[in-house]
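Here is the structure we will look at, set down as structure tokens.
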Amino acid sequence: MTKITTLFLIFFISFCTFGQSIDERFTQKKMKQDFEIFKQISKQTNSGLYKYRTKQQIDSIYNWGNLQIEKLITYRDFYNLICTISNFEGSVHNNVSLPKKYAENLKNEIYGYFPYPIKWIDDKWLINIDSEQIPLGAEIIELNDTKIEKIIPELYKYYSTDGNNLTGKRIGLMTSFSKYYRLHFGLTQNFKINYVNPISKQLETKNVEGVDYKTYIENFRKMHSMSVDQYYYADLKENQKYKYKQLDSITGILTIQTFDMGNETTKEHLKYNQFLDSIFADIKTEGLKNLIVDVRNNGGGTDPNDLITYSYLTNRKFQENIQAWISFNKIPMLKYIDHKVPSFIRPLFIGKFNKEFQQIFPQEKNGKFYQDENSDDHKIRTPNQNAFTGNVYLLTSPRIASAGSLFAAMLAGNENTTTIGEETMGGYYGHNGHTSLEYKLPKSKIIIQFSVVNLEQDVPKKENQKYNRGIIPDYNITQTFSDFLNNTDTQINFTLKLIKKK
């Protein structure tokens with residue numbers, strides 16, 4: 001049987017068994033129509049389009065995209081093109097989604113997925129599960145005769161981060177490598193894995209079959225090494241959002257997993273506010289000198305939880321944003337908006353959004369609509385009376401984004417803060433956030449999502465902080481191979497040793 005015949009049969013079986021596959025043909029005419037609409041939506045609506053890229057760079061990648069369409073054949077090809085350009089824009093809140101029928105079909109495929117979760121340790125991609133076929137900690141050198149260092153950059157497009165940040169993309173790959181590999185390379189029946197055995201240090205080769213999506217997810221849940229703070233907090237309950245623990249007579253540790261705790265009107269927010277008031281009163285009474293603030297898993301949440309927390313950790317007056325703006329007065333390209341509302345109330349729904357935008361962003365200057373200087377986001381806030389003024393040790397990781405990175409950036413900017421860990425996914429000086437809009441491209445039904453408010457955060461300029469990167473720690477500490485095997489928290493151990501030295 002020829003390779004062409006085999007590929008045809010694989011495609012035919014996949015299509016007939018599961019319905020619409022991302023590998024089916026998609027006409028270039030439809031691609032060009034959707035691509036032009038995608039370009040117009042981005043240029044008219046996305047205020048972050050030129051945050052990290054020049055107009056020349058953006059125009060250049062759109063021109064490149066138009067030329068690429070001439071080479072594309074399948075629906076997957078076009079989806080990958082949109083992901084590539086959305087990722088290039090450089091915003092952690094950018095997202096490109098498949099329509100439900102395609103997404104569900106991926107989950108039902110009976111083979112094609114790399115079976116093992118992986119993790120980035122010591123600049124290497126390691127097998128992150130103790131399987132029967134390949135040992136835990138084996139370093140992947142090649143997959144199907146392609147070097148891993150050539151594969152990884154091809155998959156960055158599926159996980160957007162702020163600016164030129166790469167650490168956050170590695171987090172995305174640790175979570176979804178198998179899915180991303182399938183999206184980029186297509187269905188893969190067998191994987192030839194060249195790896196270094198962690199015990200013998202010898203190069204070995206193993207051929208393994210691709211698995212279905214469900215099996216990969218099951219393996220992912222059995223991974224050896226999960227998020228580092230889980231090692232230190234054995235008593236941290238599942239889905240617990242925050243916790244405080246006093247370690248000794250002079251040191252405590254505050255862990256905040258998320259700021260997704262509602263706003264001023266919710267019971268959850270009030271409960272969190274009471275928690276902060278109680279523990280910082282105790283910290284003051286106990287006379288603690290050191291406080292470790294662990295936000296390594298904090299991907300964001302809602303205001304004002306981030307700001308209230310910061311008020312207990314600063315001695316300066318502050319505001320959420322120095323400035324914020326959007327690029328429109330009325331939401332553009334309305335016919336492609338994908339908000340799930342019945343058609344008969346759609347005009348009222350959109351009208352309400354436009355009215356709110358016009359109230360919040362009334363000041364036009366050079367085609368930008370700036371936030372009212374008297375809004376809550378520009379309100380000058382003061383430190384809490386129980387604010388901690390001792391030594392703060394901020395633990396960071398690539399998982400930190402959105403409201404999590406806003407909080408971490410403000411805290412990292414304090415003179416009494418030492419930042420330890422890895423570069424965050426979210427930027428130090430600002431990001432695109434707050435209100436998110438979704439558009440659906442008419443031919444492909446691909447959904448593009450982005451946040452429309454361009455924010456400049458209230459942080460001091462620092463030599464080690466780059467405009468187009470995440471928050472750079474004072475001490476870049478990553479998990480070692482030995483600590484990976486033993487499930488040890490390298491960053492916590494480093495921090496405790498650093499405290500003892502001072």
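The values are calculated or read from the model by the stated rules, or taken from the named source; none is laboratory data. The model shown is predicted, which means the values in this text are computed figures rather than measured ones. Virtual Cβ from ideal backbone geometry, glycine too; neighbours counted across all protein chains shown. These area figures cover heavy atoms from the full protein model, side chains too; ligands, DNA and RNA do not enter into them. Shrake-Rupley method; radii C 1.70, N 1.55, O 1.52, S 1.80 Å.
Output the peptides 34-41, 246-253 sorted from most to least packed, where packing is the average of other Cβ atoms within 10 Å over each peptide's residues.
34-41, 246-253
Describe numerically, in nm with one decimal, the distance between label points set 7 Å from Cα along Cα→Cβ at SER200 and at LYS267.
Taking the two extended label points, one gets 6.0 nm.
What percent antiparallel are the DSSP beta bridges of the range 386-502, to the nearest 5?
Counting only bridges with both partners in the range 386-502, antiparallel ones make up about 60 percent.
May I ask you to evaluate 6.51 cos²θ - 1.76 cosθ + 1.60, the Karplus curve with θ = phi - 60°, for each residue of the range 108-113 and list the ³J(HN,Hα) values in order in whole Hz, giving x for glycine and proline?
Rounded to whole hertz, the list is 9, 5, 8, 7, x, 10.
So if I place +1 on the C-beta of Lys and Arg and -1 on the C-beta of Asp and Glu, and nothing else carries charge, what would the dipole magnitude of the range 446-486 be about its Cα centre? I want it in debye, nearest 20. Don't jump to the answer; show the numbers that get you there.
On the way: 4 positive and 5 negative charges, 29 e Å.
Approximately 140 debye in magnitude.
Find the percent of Cα-Cα distances in the range 103-179 that exceed 22 Å, and round it to a whole number.
27 percent
What is the list of residues in the range 28-48 whose amide nitrogen lies under 17 Å from a point 7 angstrom out from the Cα of ASN66, following Cα to Cβ?
From the range 28-48, the list is 28-44.
Which semi-axes, in whole Å and largest first, does the equivalent ellipsoid of the chain have when worked out from the alpha carbon gyration tensor as the square roots of 5 times its eigenvalues?
Square roots of five times the eigenvalues give 39, 33, 19 Å.
For TYR111 and TYR475, calculate 0.36 nm times their separation in residues minus their Cα-Cα distance, and state this gained length in nm to one decimal.
Values: separation 364, 0.36 × 364 = 131.04 nm, distance 4.28 nm.
Full-extension gain reported as 126.8 nm.
Just the Cα atoms of the range 389-502: what Rg and Dmax do they give in Å?
17.6, 62
Please compute P(r) over all alpha-carbon pairs of the range 444-502, binned at 10 Å starting from zero, and give each bin as a whole-number percent.
15, 26, 26, 22, 9, 1
Count the DSSP beta bridges whose two residues both fall in the chain, then state the antiparallel fraction as a percent rounded to the nearest 5. Mind dumping the intermediate values first?
Details: 49 of 67 bridges.
The antiparallel fraction comes to roughly 75 percent.
Run the numbers for LYS30 and ASP59: contour at 0.36 nm per residue of separation, minus the present Cα-Cα distance, in nm.
Extending this stretch completely gives an extra 8.3 nm.
HN-Hα J couplings of the range 413-421 from phi, Karplus 6.51/-1.76/1.60, θ = phi - 60°, integer Hz, Gly and Pro as x?
Rounded to whole hertz, the list is x, 6, 5, 8, 9, 10, 9, 10, x.
Normalised by the empirical 2.2 N^0.38 Å for globular proteins, what value does the Cα Rg of the range 116-231 take? Display every interim value, and only then the final one.
Working: Rg = 13.8 Å, N = 116, 2.2 N^0.38 = 13.4 Å.
For the range 116-231, the normalised Cα radius of gyration comes out at 1.03.
For the chain, give the percent of accessible area contributed by carbon and sulfur heavy atoms, probe 1.4 Å, rounded to a whole number.
On the way: 11830 of 23570 Å².
Result for the chain: 50 percent of the exposed heavy-atom area is carbon or sulfur.
Given labels modelled 7 Å from the Cα in the Cβ direction, how far is it in nm from THR435 to GLN358?
1.2 nm
At 1.4 Å probe size, with every protein chain present, just tell me what the per residue accessible area of the chain comes to in Å².
47 Å²
Starting from the residue with the highest accessible area, list ARG25, ARG182 in decreasing order, probe 1.4 Å.
ARG25, ARG182
Could you size up the charge dipole of the chain around its Cα centre, putting +1 on the beta carbon of Lys and Arg and -1 on that of Asp and Glu, and report it in debye to the nearest 20?
Magnitude of the dipole: close to 1120 debye.
Check each of the trypsin sites (Lys or Arg not before Pro) in the range 62-162 and keep only those in coil by DSSP with at most 14 other C-beta atoms within 10 angstrom; list them in order.
LYS71
Positive end of the dipole of the chain, charges at C-beta (+1 Lys, Arg; -1 Asp, Glu), about the Cα centre: which of VAL208, SER444, PHE357 has its Cα farthest in that direction?
The residue sitting most towards the positive pole is SER444.
Strictly over 28 Å apart at the Cα level, which of LYS51/LYS335; LYS55/LYS107; LYS30/LYS335 would you flag in this model?
Details: LYS51/LYS335 26 Å; LYS55/LYS107 38 Å; LYS30/LYS335 17 Å.
Pairs exceeding the cut-off: LYS55/LYS107.
Over the heavy atoms of VAL459, what accessible area does a 1.4 Å probe trace out, to the nearest 10 Å²?
Roll a 1.4 Å probe over it and VAL459 shows about 20 Å².
What do you get for Rg/Rh over the range 84-125 if you use C-alpha atoms and the Kirkwood form of Rh? The partial results should precede the final answer.
Values: Rg = 15.0 Å, Rh = 13.7 Å.
Rounded to two decimals, Rg over Rh is 1.09.
For the range 110-222, what relative contact order do you get, as a whole percent, if you take Cα pairs closer than 8 Å and at least 6 residues apart?
Values: 194 pairs, mean separation 43.8, N = 113.
Reported relative contact order: 39 percent.
Could you work out the relative contact order of the chain, using alpha carbon pairs under 8 angstrom and six or more residues apart, expressed as a whole percent?
Details: 965 pairs, mean separation 89.2, N = 502.
Reported as a whole number, the value is 18 percent.
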